Structure formats: structure tokens, C-alpha cells
1. Take peptides 114-120, 635-641 and line them up by average Cβ neighbours within 10 Å, highest first, as a rough protection proxy.
2. Provide the packing ranking of 623-631, 233-241, 215-223, i.e. peptides ordered by the mean count of other C-beta atoms within 10 Å per residue, highest first.
3. Any idea which of A518, P563, S582 is furthest toward the positive side of the dipole for the stretch 456-651, if Lys and Arg beta-carbons carry +1 and Asp and Glu beta-carbons -1?
4. What accessible area per residue, rounded to a whole number of Å², is obtained for the stretch 378-445 using a probe radius of 1.4 Å?
5. For each pair in K383/K492; K383/K450; K208/K253, compute the distance between the two Cα atoms and list the pairs where it is over 24 Å.
6. With θ taken as phi - 60° and the coefficients 6.51, -1.76 and 1.60, list the Karplus ³J(HN,Hα) couplings across the stretch 473-481 in order, rounded to whole Hz; mark glycine and proline as x.
7. Give me the accessible area per residue for the stretch 456-651, probe 1.4 Å, as a whole number in Å².
8. Taking H as built 1.01 Å from N, whose amide H comes closer than 5 Å to the amide H of L240, not counting residues under 5 places away?
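The values are calculated or read from the model by the stated rules, or taken from the named source; none is laboratory data. Treat the numbers as computed from the prediction; the structure is a model and nothing was measured. Note that we place each Cβ from the backbone using ideal geometry, even for glycine, and neighbour counts take in every protein chain shown. Ligands, DNA and RNA are excluded from the accessible area calculation, which covers all protein heavy atoms including side chains. Shrake-Rupley method; radii C 1.70, N 1.55, O 1.52, S 1.80 Å.
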Amino acid sequence: MPDQNKHKSEQNSNPKGPPNLKKIRKPLFWFYGILFMILASLLFTRYGSGPREISWLEFEQEMLIQNDVEKIEVINQTVANIYIKKEKLSSSKYQELQNKFNLNSSGPHYIIQIGSLEGFEKKLEEAQASALSEDKVPVRYVNQIDWTNILYWILPFALIFFFWMILLGRMASKGRTGALFNFTKSTAKITTKETKSTITFDDVAGLKEAKTEIMEIVDFLKNPEHYTKLGAKIPRGVMLVGPPGTGKTLLAKAVAGEAKVPFFFLSGSEFVEMFVGVGASRVRDLFKQAKANTPSIIFIDEIDAVGRSRNRANFFQANDERENTLNQLLAELDGFGVNTGVIVLAATNRADILDKALLRPGRFDRHIYLELPSKDERIEIFKVHIRPLKKAKDINIEEMASLCPGFSGADIANICNEAALIAARKKRNHVHQEDFLMARDRIVGGLERKNKITSKKEKEIIAYHEAGHAVASWHLRHVDSLMKVTIIPRGKSLGSAWYLPEERQIVTKSQFIDQICASLGGRVAEEIVFGDVSSGALDDLEKVTKQAYSMVAYFGLDEEIGPISFYDSTGKNEQQLVKPYSEDMAQKIDEEVHKLITTAYERTKKLLLDHREELETLTQLLIKKEVVEKDELENIMGKRKKFSNEHKKQHQ
Ligand code: ADP
């Protein structure tokens with residue numbers, strides 16, 4: 001664990017650093033422990049074994065009139081200490097005193113609380129006037145600091161302080177020594193030559209262009225003269241942009257592994273703390289450290305945590321702290337001169353929301369886009385992640401890559417791991433193709449829950465619903481090819497039709513409409529068969545409605561509305577409370593969406609009525625077998641017509 005070792009050696013080699021709380025914890029612990037005991041015993045003495053408090057009447061009748069009192073001491077005008085004459089102490093009425101004090105004790109033996117000093121003096125005078133003896137009892141007035149009272153007030157604070165110190169001690173023992181004093185320091189993990197990352201460019205599959213660009217950066221740092229002698233300026237900031245799981249962090253770690261220069265790695269959220277000003281000082285500290293170790297690389301993951309656009313209208317939250325941090329980051333990026341040997345890499349999934357100032361030339365001016373992998377790239381990624389597994393001979397990487405369109409590198413890594421877990425659960429010695437397919441289904445659809453549906457009626461409704469999707473999509477020209485239909489519940493869904501999506505960058509209007517019809521197939525089947533509809537179509541309807549709205553309002557695919565788009569790539573509209581179109585337009589959009597969906601519904605209904613028999617046969621087979629594969633679908637509905645064959649050919 002190189003990081004931990006580094007941490008330790010830093011603590012020890014820093015004599016001026018913050019005090020080691022672990023060391024000071026022990027004496028402090030004992031000190032406060034003893035203090036606590038003293039206070040407790042003082043309180044106990046005060047209210048437990050000290051002189052007994054008596055009433056005026058008892059004092060007057062039993063002691064004063066009997067001439068037993070030696071002297072009275074009035075303390076702070078509030079308490080009177082009563083001292084009994086030594087010779088009287090042996091009498092039987094002072095039995096309790098004999099048990100408590102020894103007979104030579106000077107006292108005080110009793111106390112009386114005085115309401116008002118004047119009243120006390122008056123009562124005392126009157127009582128002495130009627131007493132047997134002529135001798136007056138001497139009264140002394142004493143002003144004293146009442147320590148027990150003071151300690152009584154201090155005690156709660158001492159206790160709070162005591163527990164606070166224990167807490168700090170715990171933090172220290174968990175290795176966060178000095179966290180309290182060091183919170184303005186950068187929290188970046190440092191990879192040096194000695195502790196370099198084991199990830200190399202070989203572990204990054206696909207991403208050819210990105211790799212070439214990023215390798216160039218490594219070269220900038222290793223051979224700067226090569227570029228500077230031609231007068232070129234070495235870039236300062238490189239932004240890796242792409243959907244989650246496409247390998248941005250992996251690529252940065254590979255740079256750390258290959259560059260052989262100090263690499264500062266931290267996440268954007270680490271700058272943001274609850275204390276004001278911490279973010280900015282962490283940025284300052286990070287750049288200071290990087291400059292002291294040139295040539296070096298700083299990698300800020302998830303930079304959108306600090307780099308969000310400052311002028312985005314945000315009525316509900318002001319975030320000055322984040323802005324201060326961003327300003328500091330901008331200042332630091334500007335601050336270090338050209339060719340200083342520090343390169344800043346950053347990664348984000350949301351380049352659209354970043355502050356424009358961050359992206360301008362001289363800052364993060366190089367952008368490397370990482371896309372979801374193509375089929376060939378998926379094959380390469382599969383190869384990387386299958387490498388450490390014990391695989392069976394039947395593994396077909398190409399088939400798997402084609403069954404995972406739209407999957408990111410992270411998804412593929414997940415499938416490989418899940419497949420190994422499934423094989424282990426089956427007590428197999430090798431991971432088989434079947435395990436990979438199960439892992440894929442599980443990752444896409446969630447866990448299989450065979451016992452979720454108990455009633456026969458529900459099973460029937462679900463079977464008709466899924467068969468509806470299957471039959472409709474089988475006869476629609478532009479829907480992806482259907483692989484299998486199941487009514488085994490998985491994750492949140494009760495059944496599903498599995499398609500093999502085509503890899504495409506754009507979607508045509510006919511494809512949109514066919515997809516909407518296929519999604520409505522389940523609901524339509526329920527209506528045709530039962531004359532009643534269920535809540536089971538929620539997901540389908542949600543998808544259909546969103547698709548229809550985006551067709552009309554974003555993609556300009558509706559004839560009535562025309563080629564107009566209300567999409568806002570800057571994301572500013574999300575924050576605004578008003579829509580970017582008039583009431584009139586809003587109404588028109590709603591009408592068009594409604595028209596589009598109802599037309600598609602009627603079309604699907606006609607399609608299913610035309611193929612009513614197929615619907616029936618497929619449903620019965622589904623109820624019997626729960627899973628119907630592609631060849632059985634072909635048996636029932638015939639091969640998909642030529643258009644679908646073309647489509648499949650394209651896909652393969
Ligand atoms: P992000 O883009 O969200 O930073 P990561 O780099 O953290 O994604 O990727 C997560 C995981 O996905 C990696 O640890 C790796 O196992 C896998 N992965 C992603 N892309 C690739 C790739 N191109 N080659 C190999 N593995 C990859």
C-alpha cells in the first residue's frame with residue numbers, strides 16, 4: 001500500500017507539522033479523567049459527608065438555648081457554620097457527630113442556610129436574650145471564594161472538552177492525524193516514480209484516437225525540447241469528455257503509469273468542503289505542490305463539481321464557495337507560465353455545463369472526446385477483461401460484443417466479473433459463454449425473480465402483453481430484431497422482449513414511429529384480448545410519451561409544428577421556470593403529441609388484429625415455457641420479411 005507508507009513517512013519527517021494527537025492523547029486522557037474524579041468527589045463531599053444542614057428551630061431549641069454553641073461563622077452572608085463546644089460533643093444528642101467527625105474536630109458541625117442576614121441576626125439576638133446563659137455566642141463574618149460552586153459550573157464544559165479530546169484522539173488513531181489542522185491542504189493522492197500506478201496503456205482497450213493524443217502529452221513532459229525548439233507551447237490543460245464508464249479515469253491512471261513523473265490525482269468534489277475558503281486554498285496548495293515537483297501531472301476527476309458555469313441562473317441556491325474555488329482554479333491555470341512542466345488533466349461527463357472560462361485557450365483548451373465503444377472496440381475491451389478469467393472453450397467474444405450494443409467499458413468489465421461470479425455459483429471450473437449471456441441479462445434487466453408472480457390470471461395478462469410487443473415488432477419494418485421473449489420477472493419488470501439494437505448514430509422519423517408502435521403493442525394486446533387494460537404498461541407509456549415529445553419539440557419531426565427545436569444544449573432552460581415557447585405553441589405541441597400517439601395506437605391495433613392467431617399461439621407457448629427464443633418465434637410468425645433481413649445483414 002504505497003499511499004499509506006507515504007502518509008506515515010510524511011508524518012514523521014515533518015517535525016514542524018501539527019502535533020501528533022496520538023502522542024498527546026494519553027496524558028490528556030488521564031489528566032481529564034483525574035479532574036473529573038476530583039470534581040465528582042467534591043460534589044459528593046458537598047452534598048454527602050459534609051456538615052448536616054439543620055433548621056433554625058432545631059438550632060435554637062437544641063443547641064443555642066442549651067448553651068452548646070461555641071461560635072457561628074457566617075459565610076458570604078448566605079450560610080452559617082455552627083461550631084459545637086468540644087466538651088458537649090460527647091453528649092448523646094450529638095451521637096451522629098461522633099460517628100462523622102472525631103471528637104477533636106474543630107468543625108463546623110452543622111450549617112444553616114440564611115434567608116436574609118438581618119433576619120438571622122435579629123432572631124439570634126432574640127434567642128440569646130431568652131437563653132439561660134449570659135454569654136453571647138461570637139459571630140464572625142467571612143467572605144470566601146466558593147470553589148465547589150465554581151467547579152460545579154465548570155464541570156459540564158470540562159466534560160464536553162473531555163469527550164471532544166477523545167474524539168480527536170480517535171481521528172488520530174484512524175490515521176487522519178492532523179486532519180483538523182490540515183484541512184486547507186490539498187487532498188490529492190500522489191503517485192511518484194516509486195509508487196507508480198500499475199495501469200498502463202495496454203490495459204486501455206480501443207479508444208485509439210484518445211490514446212494517441214494522451215500519449216503525446218506524456219511525450220510533451222518527457223521531451224519538452226522536441227516541441228519548444230520549434231517554438232511550440234506545451235498545452236496546459238486537457239479535458240477528457242465522455243459518458244460515464246468510457247474509461248476517462250482509466251486513461252488518466254494509465255498516464256500516471258506510463259509518464260514516470262509525479263501524478264496528483266483528486267476528484268473535483270474534494271475541493272468543496274463545508275468551510276468557506278477551503279476549496280480555494282486546496283487549489284492553491286495543489287498547484288504549489290505540483291510546481292515544486294515539475295515535471296508533473298495533475299488529474300482532476302469529475303471537474304464539473306467545481307467547474308459548473310457561474311452564470312447559470314440558479315434561483316434556489318447560491319454557491320459562493322464553489323465559485324471561489326473555480327476562480328482560484330482559473331487563476332492558477334493562468335498563473336503558471338508557459339512550459340513550466342505541469343499539465344492538468346480533467347475529466348467530466350458534462351462538458352456542456354462547464355464554465356466557458358475553463359475551456360478557453362490557455363486553460364483546458366485540448367478536448368479529448370471518449371465515445372461509447374463500437375463493436376470492434378467492445379471486442380478489445382472484452383479481451384482485456386476476459387484475460388484474467390479461467391475461460392471455457394466455447395467463449396465467443398464476437399457474439400458477446402454484438403449482443404452488447406451501447407454498453408460502456410465499465411458495463412463490459414461488470415459483465416465479465418458477473419459471469420465469473422455466476423460460474424462460481426454453479427461450481428464450475430471455467431466460465432462459459434452461457435454465464436456471460438446470463439450476466440448480460442442480469443446487468444440489463446436486473447435479478448431474475450421467478451416467484452414474483454403467483455396468480456394464474458396475472459401470468460396470462462403478462463404473457464399477452466409481451467406477446468403483443470413481440471408480434472407487433474416482428475411485423476414492423478424499422479424495429480430492431482427480436483431475440484427472445486420472456487415472462488420471467490427480472491428487476492422491476494414482469495416480463496420482457498429482448499431486442500438486438502442496431503448500432504446507429506441517427507434515428508429516422510419512420511424508425512421513431514415504428515418503435516412507438518412496438519412499445520404500444522403490449523397495451524394494445526391487453527385491450528384486444530380482455531377488453532380491459534392494466535397498469536402494467538406504465539414503463540412503455542412513459543417511454544412512448546417522452547419519445548413523442550422529443551420528436552415534436554426537439555427533433556423537428558412533426559409536420560404541423562415544423563422544423564423547430566426547443567432543445568437547449570447549454571442547459572440554461574432547465575433552470576428556468578418559464579418555457580421557451582408561447583402558451584399557444586405549448587397547446588399545439590400537446591395536441592400533436594396526442595395525435596401522434598393515438599395514430600400509432602390505432603395502427604398497432606390493426607396490426608395485431610391482422611395477426612391475432614400468432615398472438616394467441618405465442619401467448620400459449622409463453623405461458624407454457626416462460627421463455628421463447630428466436631427460432632421458435634420464427635416458427636410461429638415466419639421469418640421476418642426481406643426488410644428485416646436487410647436490416648440484420650447490416651447489423652452483422
Ligand atoms: P469514467 O469514464 O467514468 O471515468 P472509468 O475510467 O472509471 O470510467 O472506467 C471504469 C472501469 O471500466 C475501468 O476501471 C475499466 O475496468 C473499465 N473500462 C472502461 N473503459 C475501458 C477501456 N477502454 N478498456 C478497458 N477497460 C475499460
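1. Details: 114-120: 13.1, 635-641: 15.1.
Packing order, densest peptide first, comes out as 635-641, 114-120.
2. Working: 623-631: 14.1, 233-241: 20.7, 215-223: 15.9.
Highest-to-lowest ranking by the protection proxy: 233-241, 215-223, 623-631.
3. A518
4. Numbers: 3420 Å² over 68 residues.
Roughly 50 Å² per residue, with all protein chains present.
5. Working: K383/K492 31 Å; K383/K450 33 Å; K208/K253 16 Å.
Beyond 24 Å between Cα atoms: K383/K492; K383/K450.
6. These are the phi-based 3J(HN,Hα) values: 5, 4, 9, 9, 5, 9, 8, 4, 6 Hz.
7. On the way: 10650 Å² over 196 residues.
That works out to 54 Å² per residue.
8. Result for L240 returns A346, A347, T348, I368.
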